[in-house]
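This report refers to the structure that appears directly beneath it.
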Amino acid sequence: MSTFEQETLWIAAKGLANDRAVQEVLRRLKERAVDDWASSPPEADAKRLDAYHMVRAIASFQSELTALAAEPDVVRFNRRLRKA
């Protein structure tokens with residue numbers, strides 16, 4: 001990936017990570033999954049497992065998005081360390 005493409009990707013990731021609409025959508029999805037789990041009967045294993053996986057997927061997405069958005073800061077920090 002070229003430097004320009006990398007910078008564009010980082011800017012887009014930072015925009016998504018800080019976007020209020022994206023955060024609200026993820027919050028709603030997580031809330032819906034937790035509500036599905038809480039309102040499911042104990043014997044509904046598949047529904048509970050689906051809700052658990054949804055919450056884990058949302059957390060994973062948020063974590064990767066945050067890491068991608070922070071990459072330019074990490075790269076700058078590492079460059080500074082190499083110069084010292």
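Go through the chain and tell me which helices (runs of 4 or more DSSP H), entirely inside it, have 1 or more residues that are in contact with a Phe, Trp or Tyr (Cβ under 8 Å, 6 or more places away or on another chain). Walk me through how you get there before you give the answer.
Working: elements: 3-18, 20-39, 45-83.
Per the criteria, 20-39, 45-83.
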Taking the stretch 1-56 as the search range and keeping residues that are surrounded by 10 or more Cβ atoms within 10 Å (Cβ to Cβ) and of a type in the set (V, I, T), which one is farthest from L68 (Cα to Cα)? V34
Pairs needed: first member in the stretch 44-57, at pLDDT 95 or above; second member anywhere, aliphatic (A, V, I, L, M) and in a helix (DSSP H, G or I); C-beta distance under 6 Å; at least 6 residues apart or different chains. A51/A33; M54/A33; V55/A33
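The values are calculated or read from the model by the stated rules, or taken from the named source; none is laboratory data. Note that the coordinates shown come from a computational prediction; the quantities given were computed from them, not determined experimentally. Every residue, glycine among them, receives a Cβ derived from its backbone with ideal geometry; neighbour counts consider all protein chains shown.
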